[in-house]
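Can you keep this structure in mind? I'll have questions shortly.
The values are calculated or read from the model by the stated rules, or taken from the named source; none is laboratory data. In this text the structure is predicted, and so the values were computed from the model without any measurement. Every residue, glycine as well, gets a Cβ built from its backbone with ideal geometry; the counts of neighbours run over all protein chains shown. We work out accessible area using only protein heavy atoms, side chains counted, and drop any ligands, DNA or RNA first. Shrake-Rupley method; radii C 1.70, N 1.55, O 1.52, S 1.80 Å.
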Amino acid sequence: MAMEGVEITGPSRDRFDEILTPEALRFVATLQREFEGRRRELLSARQARQAELSAGGTLDFPSETGSVREDDSWRVAAPAPGLVDRRVEITGPVDRKMTINALNSGAKVWLADFEDANSPLWENVVGGQLNLRDALDRTIDFEAGGKTYALRPDEELATIVVRPRGWHLTEKHVLVDGEPFSASIFDFGLYFFHCARRQLDKGKGPYFYLPKIESHLEARLWNDVFTRAQELLGIPYGTIRATVLIETYPAAFEMEEILYELRDHSAGLNAGRWDYLFSVIKKFRTRGREFLLPERNAVTMTAPFMRAYTELLVRTCHKRGAHAIGGMAAFIPSRRDPEVNKVALEKVRADKTRESGDGFDGSWVAHPDLVPICGEVFDSVLGERPNQLDRLREDVSVSAADLLAVSKTPGEITEAGLRNNIDVALRYLAAWMGGSGAVGIHNLMEDAATAEISRSQIWQWVHNDIELADTGEVVTKELVGRIIAEELDKIRQEPGFDASLYGQAAELFTEVALDDDFAEFLTLPAYARMP
C-alpha cells in the first residue's frame with residue numbers, strides 16, 4: 001500500500017484499514033515530515049553527551065536553564081478531567097483482554113502501553129490502536145476459556161493514558177519518502193487522530209505518558225508535536241496532557257525544565273525506577289567502580305541515590321502544581337499459593353506506604369489484584385482529597401552529588417544474582433520475540449526494562465573484573481557464556497520450550513551483554529530480528 005510517499009510494508013490484517021486510513025496516514029506523515037529532522041538532531045545530541053560522560057564528564061543541573069528553576073512564578077496547567085485523582089494507575093499492553101481488564105480494574109488510570117510492556121510486532125502495534133478505539137466506542141469484548149469479558153459502565157472505567165514508543169525507536173513497517181517512521185510519532189499520531197474527539201465526547205481528553213526523555217529539549221519537541229497536532233485537527237490548544245517518565249539519569253537533573261517545556265500540556269512526572277537503574281549503568285558504564293551497582297534485587301528504593309531522586313521528583317512536581325506518580329509494583333499476587341500471595345502483598349504495601357508518605361499523588365501496579373491494596377494505602381493518606389499537591393515538601397534539598405551517590409548503594413554481587421539476571425532475561429526475550437511484552441516470571445511482572453538492567457549489569461561486571469561474593473569467581477565473558485548455556489539447559493526441560501525463540505533470545509542476550517561495544521538499547525537489535 002502506498003499513498004503520497006507513505007508505504008505500508010507490514011502485513012494487512014482484518015480491520016487494519018479502519019486504522020490505517022488515507023486521512024490518518026496523511027496526518028501522521030505530516031507530523032513525521034515536519035519533526036523528523038529535530039528528532040535526529042536530538043538523538044545525535046544524546047550521543048555527544050554520552051561521549052562527554054565516557055571521557056570523564058559528569059551530570060549536573062544545567063547552568064543555562066537556571067532562570068527557569070529560579071523563577072517561582074510559573075505553574076503547569078491545572079489537572080485535566082479524569083486526571084485529578086490518580087491514586088492508583090495500572091499498566092499493561094494494549095491487547096484485547098488487558099484493555100478490558102485494565103479499564104474495569106478499579107484503578108483511576110490505565111497506562112495503555114505501546115512501549116516497554118509491548119512487543120512491537122506489527123499486529124500488536126495496529127491491533128492495539130483498534131482496541132483503544134473499540135473500547136471508546138464500547139464495541140470491545142473478549143472470550144477465552146468459556147469466560148466473556150465486557151466493559152463496565154463508562155463512569156466505572158479507568159482513564160486511558162497512552163504510552164507511545166520512545167524517540168530512539170522507528171516503525172519499520174511504515175516508510176515515509178523511503179525512510180522508516182518515528183515510532184513515537186506513529187503511535188501518538190494514530191491514537192490522537194482516531195481517539196482525541198472520542199475522548200473529548202466522553203468528558204476527558206487525549207492523554208499520554210512520554211518515555212525515555214533525556215533532556216528538556218526532547219520535551220520541547222513533544223510539546224511542539226502536540227501543538228501542531230491540535231492545530232491540524234482543530235483541537236483546542238492545551239487539550240493534550242502528558243506525564244513524563246523520569247527514567248533516564250540525565251532527565252533527573254532537568255525535571256523542572258521538562259515540566260516548563262510542557263507546562264500547558266503537562267500532567268506531571270513519574271518515577272520510572274527500573275529504567276532509571278539501567279540508565280545509571282549505561283551513562284557511566286566506562287567509569288569503573290564509582291558507578292557500580294549490586295545485583296538488581298539488592299537495589300531498593302531506600303538506596304541513597306534512589307531516595308534523592310524520588311524525593312526531588314515530588315518536591316519539583318508539587319512546587320509547580322504537577323502530579324508526582326510513584327513507580328511500579330512488579331509483584332504478581334498468586335491465586336494458588338497463599339504464601340507467595342502474602343509476601344507479594346506485604347512488599348507492595350510497604351512500597352506504596354513509603355511513596356504515599358513521601359507525598360506522591362498515586363502509584364503504579366502491574367496486576368488488577370493489586371489495585372485494592374494500592375488504593376487502600378493511598379486512601380489512608382488522602383482521605384477524600386484527590387491528591388497531595390498541597391504537600392510542597394519544602395524540607396527536601398537534593399544536590400547533584402546526592403543524585404550521583406551510586407557508590408553508597410549497599411548490596412552484593414553473587415553467582416545467584418548473576419544466574420537470576422540471565423534466567424529472567426532469557427525468559428523475557430524469548431517471550432518478547434514471540435509477541436509478549438509484559439511477562440510474569442518468578443512472581444514478578446517483567447517488561448523490557450528487566451532485560452536492559454540484566455544485560456547492562458552483566459556488561460558492567462565483566463568490564464570491572466567483579467569477584468562474586470558467594471563463590472569467589474571473577475565475572476568473565478567465559479563464565480557468563482557458561483551460565484547462559486546452563487540456564488538455557490534448565491529452561492529446555494520445561495513444558496512448552498520453544499527452541500527457535502530461546503535460540504534467538506540466547507544469541508541476542510549474549511550479544512548485548514558481552515560485546516565490547518555497548519548497544520544503546522537492546523530493543524534495537526531485537527526489533528531488527530523481528531519480521
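How much area per residue is accessible in the chain when the probe is 1.4 Å and only protein heavy atoms are counted (Å²)? Don't jump to the answer; show the numbers that get you there.
Values: 19680 Å² over 531 residues.
Value for the chain: 37 Å² per residue.
Shape of the stretch 399-531 from its Cα gyration tensor (a ≥ b ≥ c, root eigenvalues): rounded if a/c is under 1.5, otherwise prolate when a/b > b/c, or oblate?
On the way: a/c = 1.70, a/b = 1.39, b/c = 1.22.
Prolate, since a/c reaches 1.5 and a/b exceeds b/c.
Specify the inter-centroid distance of the stretch 156-220 and the stretch 1-68, based on alpha-carbon positions, in whole Å.
Centre-to-centre (Cα) distance: 11 Å.
Taking Rh as the Kirkwood radius, which is the inverse of the mean 1/r over Cα pairs, what is the Rg/Rh value for the chain?
With Rg and the Kirkwood Rh in hand, the quotient comes to 0.94.
Next up: Of the DSSP beta bridges with both residues in the chain, give the percent that are antiparallel, rounding to the nearest 5. Walk me through the intermediate numbers first.
Working: 18 of 46 bridges.
The antiparallel proportion sits near 40 percent.
Name the residue farthest towards the positive end of the dipole of the chain from the options Gly57, Val162, Gln460, assuming +1 on Cβ of Lys and Arg, -1 on Cβ of Asp and Glu, about the Cα centre.
Value: Val162.
Could you work out the mean projected area of the convex hull around the alpha carbons of the stretch 411-484, in square nanometres to one decimal?
On the way: hull surface 20.0 nm².
It is 5.0 nm².
Another question, then. Any idea what the dipole of the chain comes to, in debye rounded to 20, about its Cα centre with Lys/Arg Cβ at +1 and Asp/Glu Cβ at -1?
Working: 62 positive and 85 negative charges, 173 e Å.
Computed charge dipole of the chain: roughly 820 debye.
Mind running the shape call on the stretch 288-425? Use the C-alpha gyration tensor, a ≥ b ≥ c as the square roots of the eigenvalues: rounded below 1.5 for a/c, prolate if a/b tops b/c, oblate otherwise. Write down the numbers at each step before the final one.
Working: a/c = 2.81, a/b = 1.10, b/c = 2.55.
Since a/c reaches 1.5 but b/c is at least a/b, the shape of the stretch 288-425 is classed as oblate.
Taking the Cα centre of the stretch 1-53 as origin and charging only Cβ (+1 Lys, Arg; -1 Asp, Glu), how large is the dipole, in debye to the nearest 20?
Working: 9 positive and 10 negative charges, 66 e Å.
The calculated dipole for the stretch 1-53 is roughly 320 debye.
How do 111-122, 146-157, 178-189, 461-472 rank on mean C-beta neighbours within 10 Å, highest first? Mind dumping the intermediate values first?
Details: 111-122: 25.6, 146-157: 11.5, 178-189: 23.2, 461-472: 15.4.
So the peptides 111-122, 146-157, 178-189, 461-472, ranked by packing, come out 111-122, 178-189, 461-472, 146-157.
Also, I was wondering about something else. For every helix of n ≥ 4 consecutive DSSP H residues, a contribution of -39,500 (n - 2.57) applies; sum these over the chain, divide by its total residues, and give [θ] at 222 nm rounded to the nearest 500 deg cm²/dmol. All intermediate terms of the calculation are to be shown ahead of the outcome.
Numbers: 18 runs with 248 residues, N = 531.
Calculated mean residue ellipticity at 222 nm is -15000 deg cm²/dmol.
Moving on to the next point. Size of the dipole of the stretch 1-115 about the Cα centre, Lys and Arg at +1 and Asp and Glu at -1 on the beta carbon, nothing else charged, in debye to 20?
Working: 16 positive and 20 negative charges, 64 e Å.
Charge dipole of the stretch 1-115: 300 debye, to the nearest 20.
Restricting everything to alpha-carbon atoms, can you work out Rg to Rh for the stretch 56-132 with a Kirkwood hydrodynamic radius? Show your work: numbers first, answer last.
Details: Rg = 18.8 Å, Rh = 15.9 Å.
Rg/Rh for the stretch 56-132 comes to 1.18.
A further question on this structure: Shape verdict for the stretch 224-371, please, from the Cα gyration tensor: rounded (a/c under 1.5), prolate (a/b greater than b/c) or oblate.
On the way: a/c = 2.10, a/b = 1.36, b/c = 1.54.
Cα axes put the stretch 224-371 in the oblate bin.
Quick one, could you list the DSSP H helices from the chain stretching 18 Å or more along their long axis (Cα atoms) with average Kyte-Doolittle hydropathy of -0.5 or above?
Details: long enough: 22-54 (46 Å, -0.79); 122-137 (23 Å, -0.35); 183-201 (27 Å, 0.22); 216-233 (26 Å, -0.31); 304-319 (22 Å, -0.19); 338-358 (30 Å, -1.20); 415-433 (27 Å, 0.19); 448-462 (21 Å, -0.03); 477-492 (22 Å, -0.26); 499-514 (22 Å, 0.74).
Span-like helices in the chain: 122-137, 183-201, 216-233, 304-319, 415-433, 448-462, 477-492, 499-514.
While we're here: Within the stretch 71-115, what whole-number % of the accessible surface is contributed by carbon and sulfur, with the 1.4 Å probe and all protein chains included in the calculation? Mind dumping the intermediate values first?
Numbers: 710 of 1350 Å².
On the stretch 71-115, the fraction of accessible area on carbon and sulfur atoms equals 53 percent.
Continuing with this model, one more query. Going down the table (Lys97/Lys212; Lys408/Lys477; Lys97/Lys204; Lys97/Lys352; Lys212/Lys283; Lys212/Lys282), which pairs top 18 Å between alpha carbons? If you can, show how the numbers build up before the last one.
Working: Lys97/Lys212 27 Å; Lys408/Lys477 27 Å; Lys97/Lys204 23 Å; Lys97/Lys352 27 Å; Lys212/Lys283 13 Å; Lys212/Lys282 13 Å.
Over 18 Å Cα-Cα: Lys97/Lys212; Lys408/Lys477; Lys97/Lys204; Lys97/Lys352.
With no solvent and one point on each alpha carbon, what is the Debye value of log10 I(q)/I(0) for the stretch 374-421 at q = 0.13, 0.30 Å⁻¹?
Calculated log10 I(q)/I(0) at the listed q: -0.71, -1.09.
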